[in-house]
1. Residue check: is B:SER22 in contact (Cβ under 8 Å) with a residue 40 or more places away in the chain and more than 14 Å from chain A (Cβ to nearest Cβ)?
2. Among the residues of segment A:170-180, are any more than 21 Å from B:ALA83 (Cα to Cα) and either touching a residue at least 24 places away in the same chain (Cβ under 8 Å) or in contact with a His (Cβ under 7 Å, 6 or more places away or on another chain) (or both)?
3. Does A:ASN112 satisfy being modelled with pLDDT under 85 and exposed (fewer than 10 other Cβ atoms within 10 Å of the Cβ)?
4. Tell me whether segment B:43-60 contains one or more residues that are charged (D, E, K, R), within 24 Å of A:THR45 (Cβ to Cβ) and free of Cβ contacts under 8 Å to residues at least 24 places away in the same chain.
5. Testing B:THR137 on (1) at pLDDT below 85; (2) in contact with a Phe, Trp or Tyr (Cβ under 9 Å, 6 or more places away or on another chain); (3) under 30 Å from A:MET171 (Cβ atoms); (4) part of a helix (DSSP H, G or I), one condition comes back false. Which one is that?
6. Determine whether segment B:73-86 contains at least one residue that is more than 10 Å from every other protein chain (Cβ to nearest Cβ), closer than 29 Å to A:SER42 by Cβ and surrounded by 23 or more Cβ atoms within 10 Å (Cβ to Cβ).
7. Here's a check for you: in segment A:133-149, which residue that is surrounded by fewer than 23 Cβ atoms within 10 Å (Cβ to Cβ) and within 14 Å of another protein chain (Cβ to nearest Cβ) is farthest from A:GLU176 (Cα to Cα)?
Amino acid sequence: MRFLKNKLAVITVIIACALIITVAFTSKGRTRPTTFESFVGSTITPVQKVFFKTGEFFKNTFGTIFELKTLKKDNKTLTEEVVKLKEENRKLYQMALENKRLRDLLEFKESNPKYEYIGASITGKDPGNWFDIFTIDKGMKNDVEVNDSVITGQGLVGRVIEVGSNYSKVMAIIDERSSISVIVNRTRDTGIVSGNVNSELIAVMPLESDIVKGDDIITSDFSTFYKGLYIGKVESVEKQERKLQKLVKIKTSVDFKRLEEVFVIKQATLAD
Amino acid sequence: MGESTLNIELSRRKIVRILIISLLILINFILESTLFQYTRVFGVKPDFTIILITSYAIMRGSAFGGFIGLFSGLLQDLIFGNAMGINGLSYMITGYLIGQSNENVFKDSFVPSVIFNIGAVFLYQHLFFLITYFSKTNISYTHALLNIIIPQSIYNAILGPIAYRLIYKLDEKSFMNNKIY
């Protein structure tokens, strides 16, 4: 019995050493999974998808029951809003037409890059509490590439960090290890945004930057993301005189707790 | 029953046991990344892998604890991790160390499950923190302790005994047992 125990200890130590070595070798980050990983990932993803969808179904069903109370009130406010938005939309349409006319007049080049959208569903989220990584059901077969931006209708979600044959890993912008170069839409001040363990977005801005609560934050030209993607609104600003910087807390426009469907975007044709 | 039939029966049960445990690891992983995401309270999710590891470590000792820890951890690293082996290493050591207590605890009481769940979460999270610390991820320790480790250990201590009961029942089934009467 004594011998068996020692044998177990020896095996454990050997495996531990082997794992330390693999950690050291793989911690630099990978973008392509190995064949074995790819195999496991491809088999597990469809199963995960089923379970994820089941969870969503239950959440939505129970959600509806609890929302019945407020439904009528919501309906009224929404109808009012539709009327208002329709009116606004009509105005904007007029403006777009006018814009196009004037643009044609000036022979302006279309500077907005055109994106190619790949729709994807989320299949699983990182079980740990430290990082925010999730998997989606589109991969190499669907032309997803590493560093592609992932968005929803509301705004930026994250970026693809690893691509398998039919699945990809996405690192959310609220992940501890993610950092993005951003710009304040109103004042054009640039800064760096990164996530933290609490899944909040924190931006570091220069002390002299003029930034207030409610400012819109978008990605800048210097980031791995495409420029001009919407991130969120400023929630609070904290001045740190000694460090000559401002600590800005950002409320993301995307609700990371309720992510279901996302788009992977890539530039179809490079501008110019 | 003759000596040889007994041996055949024992080795058959051994294989069945390993198969069932592997299945448990796989199911646990799939549920953890999908349905169990809805068990988050204030952003903290209980660690069901720890519950599985501690339950088996208490019942069957270091070999089982380490084995389950290693494979559930590697599966997590494979699908969600960046560096291979961070979770595998932390979970394996946790399972091995908790399993050392195997001969000295009452297996049909819920108390060891509560205590060891708290211990295992602390152990695992600290190992994990230590390894990620060396791979240049700057996370504040006090912040992690207050916001992740302590809430999670409490959460685990509540759910652990319940799951332990179920796993204990499963383990008592004749096909899982190595007692032959």
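The values are calculated or read from the model by the stated rules, or taken from the named source; none is laboratory data. The model shown is predicted, which means the values in this text are computed figures rather than measured ones. Here Cβ is always computed from backbone atoms with ideal geometry, including for glycine, and neighbour counts include all displayed protein chains.
1. Criteria not met by B:SER22.
2. Kept after step one, since they are more than 21 Å from B:ALA83 (Cα to Cα), are these residues of segment A:170-180: A:180.
From what is left, the residues that are either touching a residue at least 24 places away in the same chain (Cβ under 8 Å) or in contact with a His (Cβ under 7 Å, 6 or more places away or on another chain) (or both) are A:180.
Yes.
3. Working: modelled with pLDDT under 85: yes; exposed (fewer than 10 other Cβ atoms within 10 Å of the Cβ): yes.
Criteria met by A:ASN112.
4. no
5. (4)
6. No: zero hits.
7. Here the answer is A:ASP137.
Results for (1) more than 14 Å from the chain's Cα centre (by Cα); (2) within 11 Å of another protein chain (Cβ to nearest Cβ); (3) over 14 Å from B:SER90 (Cβ atoms), shown as yes or no for each residue.
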position: B:ASN104; (1), (2), (3): yes, no, yes
position: B:VAL111; (1), (2), (3): yes, no, yes
position: B:PHE122; (1), (2), (3): no, no, no
position: B:SER140; (1), (2), (3): yes, yes, yes
position: B:ILE150; (1), (2), (3): yes, no, yes
